[in-house]
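Visitor: This is the structure, below, for whatever I ask next.
Values quoted throughout were computed directly from the atomic coordinates according to the rules given, and no laboratory measurement underlies them. It should be emphasised that the depicted structure is a prediction, and the values quoted were computed from it without experimental measurement. All Cβ positions, even for glycine, are placed from backbone atoms using ideal geometry, and neighbour counts span all protein chains on display.
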Amino acid sequence: MRLLQFMLLSLVFVGGAFAQQQPPAPKITVQAPSYKKALEQFLPKWDANKNDRLDRSEAAALLRDGSIRSIEAAALATSHFWFLKSPDKKSATLDELTSDIKETMAFANGSLTNVFKMEREYEFYLVHLFTSSRDMFGSKKLGIEGISQGHLGNCFFVSMAGNLAFQNPDAIKNMIKTNEDGSNKIEFPDGRLVRISKLPEAVIALGSRTGNQGTWINVLEEAYGEVYKTNTPEDIAAIGLDRISRGGNIGETISLLTGHQTDTIAWKSGLPEDLLNIRYLLGKGVKNKSLMGAGVSLDLKKPPPAIVVGHAYAVLNYDEAKDLITLWNPHGNDFKPMGPDGFINGYETKGGVFTLSSRDFSFLFNYLFVETNKPINNKR
């Protein structure tokens, strides 16, 4: 069976958070001021140079302050998010920081626009902080249940980290060692070693949620960002999450998390020859218990409801007898179609998990990555 194996720049995924409007944050019982009221309280304290504005550099430095917690941490995370979505701004007033941001991305078949509402973002971070365990591996078994990608573009990483937790939770636990001072040592299976300080609450708020599984995914997000740190001034000042929010590659992530190379195929929607390759590679991956991921191109025309373009998904299983593929969206979303599953109505989804035929998969998705048993060349 011939497999088309190659890597392209187009295999970089922008995170999928771009193409999905912000969902309303779940209700919490904690009494908290609005984002604007919180800024009125904390901005004078954050404004180190006393220019009645929050500078980008001030916000970046504050993110590493472990004494900033709770409501203040959520407000700081929201302010940092505003700067991430306003790359041309070096400073901002209170009114600017509380204003909504419209972001548009152009691509081959049109454009996508997202409106980020800062009050809703703040509520999202509050929920994260008030409902998440601070233990490394909380009270729940590691897996995809409860995982929800944050609002940054790191789906390529969260999808594969969640998939690894689903398939082999001990592999996650073996990567992370916590020191007495709360700092962490992460030894990735590809041989790279990363040390990161104890995560401040604002960084936890910005990252992905695991329910009550603990902070392991936030630690790995930061560690992944450290692996790909460059010597540019922007990268030196940035937290790891800022780096991986720019998008990345599923195959590189699989190699980092497993120490193995990947088989990779890319195709144009629905070509019969590629469908045979897809089925073959999926069957091989299931047999070898491989980590697998797939991507939807930004150029997909008229995606079904709840299918996010420019987004990475985990492949959890392939049933060869029924020719059905089970996937997981790291947004952890629920969706009930208004009619039978398919292109028109979408696919019933619970906690991000849904099933579709390999033929549907070949039309909706454009890339497939499957872990092999071959060690990567740079393992040391």
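Visitor: Below 8 Å, C-alpha to C-alpha, sequence gap of six or more: please give me the relative contact order for the range 21-248 in percent.
Guide: 22
Visitor: So, one more: Rounded to the nearest whole Å³, what is the per residue volume of the convex hull around the Cα atoms of the range 21-248?
Guide: On the way: hull volume 32.6 nm³, N = 228.
Given the Cα convex hull of the range 21-248, per-residue volume reads 143 Å³.
Visitor: Figure the gain on full extension for residue 57 and residue 232 (residue separation times 0.36 nm, minus the Cα-Cα span) and round it to one decimal in nm.
Guide: Working: separation 175, 0.36 × 175 = 63.00 nm, distance 1.51 nm.
Once the chain is fully extended between residue 57 and residue 232, it gains 61.5 nm.
Visitor: Shifting gears a bit: Taking the simple approach of a point 7 Å from Cα along Cα-to-Cβ for both residue 49 and residue 373, what is their distance in nm?
Guide: 5.9
Visitor: Summing Lys, Arg as +1 and Asp, Glu as -1, what charge do residues with Cβ under 14 Å from the Cβ of residue 208 carry, residue 208 excluded?
Guide: Residues near residue 208 contribute -2 overall.
Visitor: Take the Cβ-Cβ distance between residue 130 and residue 338 as r, set R0 to 45 Å, and report the resulting FRET efficiency rounded to the nearest 0.05.
Guide: Once the sixth-power term is evaluated, E becomes 0.85.
Visitor: In bins 5 Å wide, starting from 0, what share of all Cα pairs of the range 252-375 does each bin hold, as a percent?
Guide: 2, 11, 22, 25, 21, 13, 5, 1, 0, 0
Visitor: Report the gain in length on full extension from residue 65 to residue 180: 0.36 nm times residue separation, minus Cα-Cα distance, nm rounded to one decimal.
Guide: 39.5 nm
Visitor: Determine the sum of side-chain charges near residue 125: Lys and Arg each +1, Asp and Glu each -1, restricted to other residues whose C-beta is under 14 angstrom from that of residue 125.
Guide: In short, -1.
Visitor: Find out how many positive minus negative residues lie around residue 89, taking Lys and Arg as positive, Asp and Glu as negative, among other residues whose Cβ is under 9 Å from that of residue 89.
Guide: 0
Visitor: Related question: Compute, for the chain, the length of the dipole vector about the Cα centre, with Cβ point charges of +1 (Lys, Arg) and -1 (Asp, Glu) only. Units Debye, rounded to 20.
Guide: That gives a dipole near 480 debye.
Visitor: Compare the peptides 46-55, 205-214, 233-242, 73-82 by average per-residue count of other Cβ atoms within 10 angstrom and give them in order, highest first.
Guide: Listed from highest to lowest mean packing, they are 73-82, 205-214, 233-242, 46-55.
Visitor: From the phi of every residue in the range 95-100, what ³J(HN,Hα) in whole Hz does the Karplus formula 6.51 cos²θ - 1.76 cosθ + 1.60 yield, where θ is phi - 60° and glycine or proline is x?
Guide: 5, 5, 5, 9, 7, 6
Visitor: Now a separate question. Give the cross-link partners of residue 89 among the lysines, using a straight C-alpha distance below 30 Å as the criterion and excluding same-chain residues fewer than 8 apart.
Guide: Qualifying lysines at Cα under 30 Å: 36, 37, 45, 50, 102, 117, 198, 229.
Visitor: Given contacts defined as C-alpha pairs under 8 Å and at least six residues apart, what's the relative contact order of the range 252-375, whole-number percent? Numbers along the way, then the final one.
Guide: Details: 238 pairs, mean separation 45.9, N = 124.
Contact order relative to length: 37 percent.
Visitor: Then there's this: Read phi for every residue in the range 337-342 and hand back ³J(HN,Hα) as whole Hz from Karplus 6.51 cos²θ - 1.76 cosθ + 1.60, θ = phi - 60°, with x for Gly and Pro.
Guide: x, 8, x, x, 4, x
Visitor: Can you give the charge dipole size of the range 252-375 about its Cα centre, rounded to the nearest 20 debye, using +1 on the beta carbon of Lys and Arg and -1 on the beta carbon of Asp and Glu?
Guide: 40
Visitor: Another one. I'd like to know which of 67, 321, 212 lies farthest towards the positive end of the charge dipole of the chain, counting +1 on Cβ of Lys and Arg and -1 on Cβ of Asp and Glu.
Guide: 321
Visitor: Nearest 500 deg cm²/dmol is fine: what mean residue ellipticity at 222 nm does the chain get from its DSSP H runs of n ≥ 4 alone, each adding -39,500 (n - 2.57), divided by its residue count?
Guide: Per the formula, -10000 deg cm²/dmol.
Visitor: At 0.36 nm per residue, minus the direct Cα-Cα distance, what do residue 90 and residue 273 gain on full extension? Give it in nm, one decimal, please.
Guide: Working: separation 183, 0.36 × 183 = 65.88 nm, distance 5.09 nm.
The residue 90-residue 273 span can extend by a further 60.8 nm.
Visitor: A further question follows. Sequence gap at least 6, Cα distance under 8 Å: using those rules, report the relative contact order of the chain to the nearest whole percent.
Guide: Working: 765 pairs, mean separation 77.1, N = 380.
Value for the chain: 20 percent.
Visitor: What is the total of Lys pairs in the range 234-380 with C-alpha atoms under 24 Å apart, excluding same-chain pairs fewer than 8 positions apart?
Guide: 19
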